[in-house]
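The next block holds one structure in the form of structure tokens; read it before the comments.
Please treat every number below as a calculation from the coordinates, not as lab data. Small disclaimer: the values here were computed from a predicted structure and weren't measured. Here the Cβ is made from the backbone with ideal geometry for all residues, glycine too, and neighbour counts use every protein chain on show.
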Amino acid sequence: MHPSLTGESFHVQHTFAAAGEYTLFVDYQQPGRGQVVDRHIVHVEGAARPVAAALTESPRTQRTDGLEVTLHSAAEIRAGEAAMLHFDVTDAATGKPVVGV
């Protein structure tokens, strides 16, 4: 979203879909200075977002086009939440790691 210039200041109006904590980033450049990025935390009141349900369990290893791909995750993967994913890709026939994919 981009703010509108009103007089000597910028304004933006936005309606958040759900209550929670949001991070806003503001980037600007002052005359004679470099670019600046500010970070602001906004706490929004109201109805909370529903708790994300766990994704339907499916095999973590799949085979396709001669490759075997295995998904690893330290935590349960939930819809709408960040997760760190790790994939192992191997040759399905030999079991050797595939590199450069």
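What spacing in nm lies between the two simple spin-label points modelled at I77 and Q13, each 7 Å away from Cα in the Cβ direction?
About 4.1 nm separates the two model spin labels.
Antiparallel DSSP bridges in the chain: what percent, to the nearest 5?
95 percent
Please report, in Å, the Rg and the Dmax of the chain, where both are computed over Cα atoms only.
22.4, 68
Take segment 51-101, compute every pairwise Cα distance, and split them into 10 Å bins from 0; I just need the percent in each bin.
Taking every Cα pair in segment 51-101, the percentages come to 23, 43, 27, 7, 0.
What list of whole percents do you get for P(r) of segment 4-44, with Cα-Cα distances grouped in 5 Å bins up to the one holding the largest distance?
6, 15, 19, 25, 19, 10, 5, 2
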